1. Can you pull out every residue in the stretch 64-75 that is open to solvent by less than 70 Å² (accessible area, probe 1.4 Å) and not in a helix (DSSP H, G or I)?
2. Just one of (1) at pLDDT 95 or above; (2) of a type in the set (D, E, K, R); (3) not in a helix (DSSP H, G or I) trips up Glu130, so point out which.
3. Say we look at the stretch 114-128 and pick out the residues that are closer than 18 Å to Gly42 by Cα and without any contact (Cβ under 8 Å) to a residue 12 or more places away in the chain; which of these is most open to solvent (accessible area, probe 1.4 Å)?
4. Could you list, in sequence order, the residues of the stretch 84-113 that are assigned to a loop (DSSP other than H, G, I, E, B) and crowded, with 17+ Cβ neighbours inside 10 Å?
5. Any residue at all in the stretch 131-140 that is charged (D, E, K, R), under 17 Å from the mean Cα position of the chain (by Cα) and surrounded by 20 or more Cβ atoms within 10 Å (Cβ to Cβ)?
6. Between Arg61, Arg78, which is among the basic types (Lys, Arg), touching a residue at least 40 places away in the same chain (Cβ under 8 Å) and either surrounded by fewer than 15 Cβ atoms within 10 Å (Cβ to Cβ) or in a helix (DSSP H, G or I) (or both)?
7. Which ones in the stretch 40-58 are over 17 Å from Glu118 (Cα atoms) and either open to solvent by 60 Å² or more (accessible area, probe 1.4 Å) or in contact with an Asp or Glu (Cβ under 7 Å, 6 or more places away or on another chain) (or both)?
Amino acid sequence: MLTAARALPILPERQDFSAEADRTRLSKVALKAYKRLVEHWGLTGQQAAALLDVSTSTWERLKQGGKDKSLSQDQLTRISALVGIYKGLHLLFADDMADRWPKLDNKGPLFARMNPIESMMKGGIPQMLEVRRYVDAVRGGL
């Protein structure tokens with residue numbers, strides 16, 4: 001006897017920032033969030049540019065009028081990881097430590113005796129994702 005096949009649920013597509021239309025749509029809000037994060041963490045223009053992997057002059061242009069600029073897949077991934085770290089820190093700490101922690105020296109093996117900002121500037125996207133996983137694990141989110 002044949003039975004009717006069960007329909008598989010349709011899963012939403014994963015956001016991967018590869019489609020130009022998605023990058024264009026998300027860039028304005030991502031840049032706005034990143035500018036706020038830079039302000040809250042007290043980053044220098046050089047640090048903000050390095051974390052985004054752009055020159056300081058490009059960062060200054062983006063900061064001033066980059067609202068219509070479509071960010072790259074890598075830039076959106078970097079901002080996504082950093083915003084995740086920001087959010088995780090604000091869930092973990094109820095005071096200004098959430099915004100001070102990224103610039104505090106850290107002796108943990110993940111940071112190689114650098115502060116988290118320096119380690120992410122040096123290690124790029126892989127290190128940003130590791131720091132995000134670390135913050136999520138410390139706050140019990142994993």
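The values are calculated or read from the model by the stated rules, or taken from the named source; none is laboratory data. Predicted, not measured: the structure shown is a model, and the values here were computed from it. Note that we place each Cβ from the backbone using ideal geometry, even for glycine, and neighbour counts take in every protein chain shown. Accessible surface areas use protein heavy atoms only, side chains included; no ligands, DNA or RNA. Shrake-Rupley method; radii C 1.70, N 1.55, O 1.52, S 1.80 Å.
1. Ser70, Leu71, Ser72
2. Here Glu130 meets the rest and fails (3).
3. So, considering only residues that are closer than 18 Å to Gly42 by Cα and without any contact (Cβ under 8 Å) to a residue 12 or more places away in the chain, the one most open to solvent (accessible area, probe 1.4 Å) is Glu118.
4. Selection gives Asn106, Phe111.
5. Yes, the stretch 131-140 has at least one match.
6. Matching residue, one of Arg61, Arg78: Arg78.
7. First, pick out the residues of the stretch 40-58 that are over 17 Å from Glu118 (Cα atoms): 57-58.
Ser57, the sole residue that qualifies.
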